[in-house]
1. Name the residues in segment 146-163 that are more than 19 Å from the chain's Cα centre (by Cα) and assigned to a loop (DSSP other than H, G, I, E, B), would you?
2. Is it the case that Glu22 is more than 30 Å from Thr250 (Cβ to Cβ) and among the acidic types (Asp, Glu)?
3. Having 2 or more residues that are surrounded by 20 or more Cβ atoms within 10 Å (Cβ to Cβ) and under 18 Å from the mean Cα position of the chain (by Cα) is the bar; report the helices (runs of 4 or more DSSP H) wholly within segment 404-494 that clear it.
4. Within segment 176-200, work out how many residues are of a type outside the set (Lys, Arg), assigned to a helix (DSSP H, G or I) and touching a helix residue (DSSP H, G or I) at 6+ places or on another chain (Cβ under 7 Å).
5. Based on what the data block shows, is Gly194 free of Cβ contacts under 8 Å to residues at least 12 places away in the same chain and closer than 17 Å to Leu345 by Cβ?
6. Any idea how many residues of segment 307-320 are modelled with pLDDT under 95 and either hydroxyl-bearing (Ser, Thr, Tyr) or surrounded by 21 or more Cβ atoms within 10 Å (Cβ to Cβ) (or both)?
7. Does Ala290 count as touching a Phe, Trp or Tyr at 6+ places or on another chain (Cβ under 8 Å), surrounded by fewer than 23 Cβ atoms within 10 Å (Cβ to Cβ), closer than 30 Å to Lys389 by Cβ and of a type in the set (A, V, I, L, M)?
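The values are calculated or read from the model by the stated rules, or taken from the named source; none is laboratory data. All of these numbers come straight from a predicted model, not from anything done at the bench. Ideal geometry is used to build each Cβ from the backbone, glycine not excepted, and the neighbour counts take in all protein chains shown.
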Amino acid sequence: MTTPELYADLTRRLSDMTAIEEALGILQWDQEIVMPKGAVAARGRQMSTLAAILHQNQSSPALGGLLRRLSESGDLDDIARANVREANRDHARAARIPEELVRRWTALTVHAHEVWVDARKAQEFSQFEPVLTELVGLARQRAAAIDSHRPVYDVLIDEFEVGMTMARLDGVFAELKATLVPLIARVRARLAQGGLADTAWLQSPVSPERQREVGESMVRAMAFDFDRGRLDTSVHPFCGGAGTDDVRITTRYKETAFLGSLSGMIHETGHALYEQGRDRQLGDQPVSRARSMGIHESQSLLWEKQVGQGAPFWRPHYVRLQAAYPFLAAVPFDNFVFGLNLVRLDNFIRVDADELTYPLHVILRYEIERDLFSGALAVADLPAAWNAKMVQYLGIEPPNAALGCLQDVHWSMGSFGYFPSYTLGAVYAAQFMQTARTALDVDGTLAAGDVQPLLGWLRERVHQQGSRYPTDELVTRATGRPLDTAPFCAYVTDKYTRLYGL
C-alpha cells in the first residue's frame, strides 16, 4: 500500500474510535442529567462494553503495525505527522492496559458516581470510602501497566497534562504560593478594617428559572452556538457531549447565590467555545482534540475570570442585568464589579472560590493526591488531611465532608491527576490574555459588546491548533514562551491591589 492509502486506512480507524468515544460521552452526560437512578447497573454494563470495544481498537496489533509504517514514512505533511504522533501515544498506552482492567474501571466509575452523590448528600465520607479505596487501587494498577518505572502519580497526571510531572508542578505551585499567600494576607487585613463596598446584594434571592433565562442570554452573547450545543442542570457543572457539533454544558442554581450559576455558565461556555472552535474537518482525528486539560481550563478561566469578572465585558450588559434583577438598580456599576471579584475567605467550595484563593484549593488537592499515591496518606485519612490543609492554606475548617473532601465529582470519576489542570489553566489564561492585549484592543471591543476579536484570536492560536504541537510549543507559538507564572502573578497583584486599595 502507498503512504496515502495507509494514512486513509488510519484516519478511518481513528474516526471509528472517535465515534465510540463520543457515544461514551453522551452516555455519561445522560447519567448525570436524566438517567433514572435504577439504571446504574445497566449503564455500567453499557459503558464498560463500549470502553472495552474502544480499547480493543486502540490496542490492536494491526493499528500498531500501521502506525509504525506511517511513523517511518517521509511522505506525511505536518498535520498528518502530528496525527500519527498522537495516535501512537494513545495506542502505546492502550496496548499496555489489560482489557479486563478497562472493563472493571469503567463499570466502577459509573457505580462510584452514584455512591458519591448519595454520600455527599448524607455528608458521610464513610459511605464513599470503600469505593474510593477500590478506585485508588485500580488507578495504581493502570499506572503500573502503563509505565511501572515512573511514579504512579506522574503517570496519572500525564493522562491529563502530557509531559507534566510532580517536580515541575511543585516548582510552579511554589511560585504561585509565594505571591498569593502574602497577597491574601494583605486582603484579609484590609477586610478587617471595613469600609469597603456593600455586597449584601450578592445574597439576593433569584429563582432558578430567572437565573437560567439570564444565564442563557449571556451564553448567547459569548457566541455559543445553540445549534451545536445545549444547556442543562447538573449536580456539578461540566462541559461534555460528543465532538465539535454536540457540545453540552451544565450549571447548577442556588437561589441566594445567583452569581454562582452565572459564573459557572460563563466558565463552561469557555470550555464549549474551545470545543466548537476546533477544526471541524479534523474533528474525528486526535490531532484536532484539545491539547490538554490545562489548556482547556485556560479557555474556561480566561472567559470566566479575565473577561467575565472585568468591567469592560459588563458595561454593555449591566443595564439588561439590572432589568432582569431589579435589586441591582441600587447597585452602582463599580460596586457590581467589586462584588464580581469579592474575595471570600470563609468559602469552603472550590467552584465558588475567587481568583486569589482558588489556586490554594487546587494546590491542596494536588498535595493530597500526591501523598495518597506515594503511600504517605491512606484513603481513610483523607477527611482529616483535607481539613488540616484547609486550615493551613485558608484558615478555615470544613464543618462536614460535603463542604470538605466530598465536594468534587472527580474522584468518583477516577480523575486522579486532573486537579492541577485548573491552576495551570489560570496561568495559561493570563499568558494568553497578556499576549492578546498586545495584538487587540481587548477592553475596547468587549466594552462595545463584541467578543469576536478576542474569540477569533483564541480560535486561530489555540482552538484550531488542537494537538498539532506539544503543549510547551503550542503556548510558545501563541505567547512567545512556555508556561510562565509571571503574567498571572502580575495580573492578580495589580487587580486586587487596585480593588482593595492595598
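1. Within segment 146-163, Asp147, Ser148, His149, Arg150, Pro151 qualify.
2. Values: more than 30 Å from Thr250 (Cβ to Cβ): no; among the acidic types (Asp, Glu): yes.
Answer is no for this residue.
3. Correct list: 420-439, 471-479.
4. 5
5. yes
6. 0
7. Yes, satisfied.
Yes or no, residue by residue, for (1) among the small types (Gly, Ala, Ser); (2) buried (at least 19 other Cβ atoms within 10 Å of the Cβ); (3) in contact with an Asp or Glu (Cβ under 6 Å, 6 or more places away or on another chain); (4) under 28 Å from Met35 (Cα atoms):
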{"position": "Arg104", "(1), (2), (3), (4)": "no, no, no, yes"}
{"position": "Thr109", "(1), (2), (3), (4)": "no, yes, no, yes"}
{"position": "Val115", "(1), (2), (3), (4)": "no, no, no, yes"}
{"position": "Gln123", "(1), (2), (3), (4)": "no, no, no, yes"}
{"position": "Ile146", "(1), (2), (3), (4)": "no, yes, no, no"}
{"position": "Ile157", "(1), (2), (3), (4)": "no, yes, no, no"}
{"position": "Leu183", "(1), (2), (3), (4)": "no, yes, no, no"}
{"position": "Ala189", "(1), (2), (3), (4)": "yes, no, no, no"}
{"position": "Gly195", "(1), (2), (3), (4)": "yes, no, no, no"}
